[in-house]
Ligand SMILES: [Fe+2]
Ligand SMILES: [Fe+2]
């Protein structure tokens, strides 16, 4: 009986149908959405768009989603449409150019990793997990989870693109971590599923893509960087850097979120996702340093600058997202473009 119930739950959560197309936020995203509806790919002015802005980031998000689940009503073959790929290339060049302008270059991966492992301490530390641990409201926690759902409902998929692009010990190490992200052979332990269960507990829709129209460009940009680095072999070093940044910093932040959720009275099904990451990512931190970064750089030392770029670009975009959320909350406003339904 229990088994049948479990299977039904998993069936609904593994529904592979695509989400509806998002609402465009300007000429770039309108061009992509119209093309996904079957129209021609219009010429658009990418050069004068804000590379971090809502319009460009939503346009990129829509292009990338063709490689994951696609969209309801969009032809799956558009994934390899030359005109759409050309437009995606222009969007990517604008995004990457901005990141290269804003990220200080370095090829000292060891120093970068050491810096990541130093946790800022003290009561005045500003950060999303610090805020949610100490004083965030349940409404803010629900918003935070809605933002994060753009990534976590497809957790570890963007990083899976890099597997065929690296080799030897680094590949084996990365797959070890990915194996855990996908539940180590137990579908009920997949991190994307644990995240979906948390959403349900918090009274949020866990449908894939359900919150895309609510989240700002800052949120989309973080996930777009993962897809961008994953989909380009030339950016495999940056992809591993982005992956390392998440695994090296997630454990303490997850612990703060667990404490915050307990303070807010959330139940075990809600807390399980972050609870799982406290221990899992403490282990992943070691695996990433010893079994991914070290062999990757031994095999391809020329990737060091790209690894640091991946780390620093992720940090930059994470800071931008954090500023957006905390700034909104400090002003007493919602951080979302559209309100969430009541839980
Ligand atoms: Fe995870
Ligand atoms: Fe992890």
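The values are calculated or read from the model by the stated rules, or taken from the named source; none is laboratory data. Quantities reported herein were computed from a predicted structural model and do not represent experimental measurements. Cβ coordinates were reconstructed from backbone atoms using ideal geometry, including for glycine residues, and neighbour counts include every protein chain displayed.
For this structure, a couple of remarks:
- Residue 226 meets the stated requirement of being closer than 30 Å to residue 56 by Cβ and in contact with a helix residue (DSSP H, G or I) (Cβ under 6 Å, 6 or more places away or on another chain).
- Hits in the stretch 171-191 (condition: within 20 Å of residue 228 (Cα to Cα) and either in contact with a strand residue (DSSP E or B) (Cβ under 7 Å, 6 or more places away or on another chain) or away from ligand 2 (no atom under 12 Å from the Cβ) (or both)): 171, 175
- Taking (1) within 14 Å of ligand 1 (Cβ to nearest atom); (2) outside any helix (DSSP H, G or I) in turn, residue 185 satisfies each apart from (1).
- Any hit, the stretch 213-222, residues being outside any helix (DSSP H, G or I), assigned by TED's automatic domain parsing to the domain that holds residue 241 and surrounded by fewer than 19 Cβ atoms within 10 Å (Cβ to Cβ): no
- Looking only at residues of the stretch 292-307 that are in a helix (DSSP H, G or I) and surrounded by fewer than 19 Cβ atoms within 10 Å (Cβ to Cβ), we find that the one that is nearest to ligand 1 (Cβ to nearest atom) is 294.
- Test for residue 255: is it within 15 Å of ligand 1 (Cβ to nearest atom), free of Cβ contacts under 8 Å to residues at least 24 places away in the same chain and assigned by TED's automatic domain parsing to the domain that holds residue 154: yes
- Taking the criterion of being within 13 Å of ligand 2 (Cβ to nearest atom) and either in contact with a strand residue (DSSP E or B) (Cβ under 7 Å, 6 or more places away or on another chain) or within 30 Å of residue 110 (Cβ to Cβ) (or both), the residues of the stretch 253-275 that qualify are 253, 254, 274.
- Test: residue in the stretch 263-270 that is assigned to a helix (DSSP H, G or I) and crowded, with 16+ Cβ neighbours inside 10 Å: yes
- The residue pairs whose first member lies in the stretch 153-167 and is without any contact (Cβ under 8 Å) to a residue 24 or more places away in the chain, whose second member is within 16 Å of ligand 1 (Cβ to nearest atom), and whose beta carbons are closer than 9 Å, counting only pairs six or more residues apart or on different chains, are 163/174; 163/175; 163/178.
- Of the helices (runs of 4 or more DSSP H) that lie entirely inside the stretch 13-120, those containing 3 or more residues that are outside the structural domain of residue 317 (by TED's automatic domain parsing) and surrounded by 20 or more Cβ atoms within 10 Å (Cβ to Cβ) span 27-36, 54-65, 82-102.
- Single match in 241, 260, 327, 310 (criterion: surrounded by fewer than 20 Cβ atoms within 10 Å (Cβ to Cβ) and either at pLDDT 95 or above or not assigned by TED's automatic domain parsing to the domain that holds residue 161 (or both)): 327
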